[in-house]
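Here the structure comes first, spelled out in structure tokens, and everything after it is commentary.
What follows draws every value from the coordinates through simple rules; no lab data is involved. Treat the numbers as computed from the prediction; the structure is a model and nothing was measured. Glycine gets a Cβ as well: all are built from the backbone with ideal geometry, and neighbour counts include every protein chain shown.
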Amino acid sequence: MKKIFALAAVALLTVSGLTAQGTFKGVVKYKVESTGQVAMTIPDEAATAEIKVDGNNLFTKSAVFMSMMGQECVLVNNLRTTSCMDLSQVVGYLRSNGSEFTYQGDGKLIIKNEFKESDFDSVTIPDTEPGHYYYEYVAGETKVIAGVTAKKVVRHTYDDEGVDHPMTMWYTDEMGPKINVMFNGIKGMPLECTMDAGEGRAITYTATEVVKGKVKEADFLLPDGYDSLSDEELKEFFEQLQEEIELLQE
């Protein structure tokens, strides 16, 4: 499978009678906790999170679900993702130190990605290539999270030494898209996951509540003030950004 492009996991509270996958409409709320042997401080603003769901559309502004530096929100439309990224502090700092960019904006960018179902055809085939991952769906193992019956899936990722770093997730296929690109293509919405943060630290995301129906079209609108660049312009900007950061570190 291709390299990980995003990851996050979650949890829920009492919901009865969820509808067929791809038709659920509502809000999934989560708690975020430090659960490793070494304690981490979770800021108050990051201790709760939520994802708004409208069929195959998802939207979140919660930091715990952001996979890139500066990412501020993510919108999923089936197999398409649109992210708002704020790199204005980095760009401003580099410019103040003499760096120049072809891009003349302030560093607030819209990042778009589009996938195909075939991109995930191999996601359950064992892949031990360093940095790649695959999913092992575990039949027969379930538990109830926030009133929802969750199924078990293990994500396997191997490092450069060939060591597997398995991560267990609990998910439901009763809501969200059948290929959830916000969470690396799992078959629904994650309800619980513990992520290894290194050096004995870990973060667990657990759903605490599912609120049915309380979303509207305006909840899935991206904020204003972000620049939309072409693929070529984005590629050039990020190449120049990397070069300037490396030069500054010399």
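Report the paramagnetic label zone for Leu248: residues of the range 61-81 whose backbone N is under 20 Å from a point 7 Å from Cα along the Cα-to-Cβ axis. Label zone hits: 68-72.
Take peptides 215-226, 85-96 and line them up by average Cβ neighbours within 10 Å, highest first, as a rough protection proxy.
Numbers: 215-226: 12.0, 85-96: 15.7.
Sorting 215-226, 85-96 by mean packing, highest first, produces 85-96, 215-226.
Between Lys178 and Val90, what length comes free when the chain is fully extended (0.36 nm per residue of separation minus the Cα-Cα distance, one decimal in nm)? The partial results should precede the final answer.
Details: separation 88, 0.36 × 88 = 31.68 nm, distance 3.65 nm.
Stretched out fully, the Lys178 to Val90 stretch lengthens by 28.0 nm.
Anything over 22 Å Cα to Cα? Flag those among Lys31/Lys112; Lys61/Lys216; Lys31/Lys214; Lys178/Lys235; Lys116/Lys214; Lys116/Lys151, in the order listed. Check vs 22 Å cut-off fails for Lys31/Lys112; Lys178/Lys235; Lys116/Lys214; Lys116/Lys151.
Hey, what did the chain get for relative contact order, percent, Cα under 8 Å, at least 6 apart? If you can, show how the numbers build up before the last one.
On the way: 603 pairs, mean separation 74.6, N = 250.
So the answer I get is 30 percent.
Simple spin-label estimate for Thr23 and Gln240 gives 5.0 nm between the two label positions (7 Å along the Cα-to-Cβ direction from each Cα). Set the Cα radius of gyration of the range 72-216 against 2.2 N^0.38 Å, with N its number of residues, and you get 1.29.
Dividing the C-alpha radius of gyration of the range 17-121 by 2.2 N^0.38 Å, with N its residue count, gives 1.38. Here the gap between Ala39 and Leu222, fully extended at 0.36 nm per residue and compared with their Cα-Cα distance, gives a gain of 62.4 nm.
On full extension of the chain, what length is gained from Thr149 through Lys61, given 0.36 nm per residue of separation minus the C-alpha to C-alpha distance? If you can, show how the numbers build up before the last one.
On the way: separation 88, 0.36 × 88 = 31.68 nm, distance 2.58 nm.
That pair, Thr149 and Lys61, stretches by 29.1 nm at full extension.
Take every DSSP beta bridge whose two residues both sit in the chain; close to 95 percent of them are antiparallel.
What angle do you read, to the nearest 10 degrees and between 0 and 90, between the alpha-carbon axis of helix 231-249 and the longest principal axis of the chain? Rounded to the nearest ten degrees, it is 70.
Rounded, prolate or oblate for the range 191-235? Axes are the square roots of the Cα gyration tensor eigenvalues, ordered a ≥ b ≥ c, and the cut-off for rounded is a/c under 1.5.
Numbers: a/c = 3.96, a/b = 1.25, b/c = 3.18.
Because a/c hits 1.5 or more and a/b fails to exceed b/c, the range 191-235 counts as oblate.
Think of it as helices only: each DSSP H run of n ≥ 4 in the chain is worth -39500 (n - 2.57), and spread over all residues that comes to -3500 deg cm²/dmol at 222 nm. Every pair of different Cα atoms in the range 144-250 enters the Kirkwood calculation, which places the hydrodynamic radius at 17.9 Å.
Just to confirm my numbers, what's the Cα centroid distance between the range 126-197 and the range 24-71 in Å? The range 126-197 and the range 24-71 have Cα centres spaced 16 Å from each other.
Residue order for Ser118, Ser83, fewest other beta carbons within 10 angstrom first, comes to Ser118, Ser83.
Sorting Leu191, Leu247, Leu79 from the fewest to the most surrounding beta carbons within 10 angstrom yields Leu247, Leu79, Leu191. Normalised Debye scattering of the chain at q = 0.08, 0.09, 0.10 Å⁻¹ gives log10 I(q)/I(0) of -0.34, -0.43, -0.53, counting only Cα atoms as equal scatterers and leaving out solvent.
When a footprinting reagent is the concern and you count Cβ atoms within 10 Å, what order do Phe238, Phe59 take, fewest first?
Numbers: Phe238 14, Phe59 22.
Fewest-to-most ranking of Phe238, Phe59: Phe238, Phe59.
Under 1.5 on a/c is rounded, so check that first for the range 115-174, then, if it is not, pick prolate when a/b is larger than b/c and oblate when it is not; a ≥ b ≥ c are the square roots of the alpha carbon gyration tensor eigenvalues.
Working: a/c = 2.85, a/b = 1.59, b/c = 1.79.
It is oblate, given that a/c is not under 1.5 and a/b is not larger than b/c.
Working note: Karplus 6.51/-1.76/1.60 with θ = phi - 60° gives the range 66-80 the couplings 7, 10, 10, 4, x, 5, 10, 7, 9, 10, 10, 10, 6, 9, 10 Hz, where Gly and Pro are set to x.
For the range 140-183, what mean projected area does the convex hull of the alpha carbons give, in nm²?
On the way: hull surface 16.7 nm².
Approximately 4.2 nm², given one-decimal rounding.
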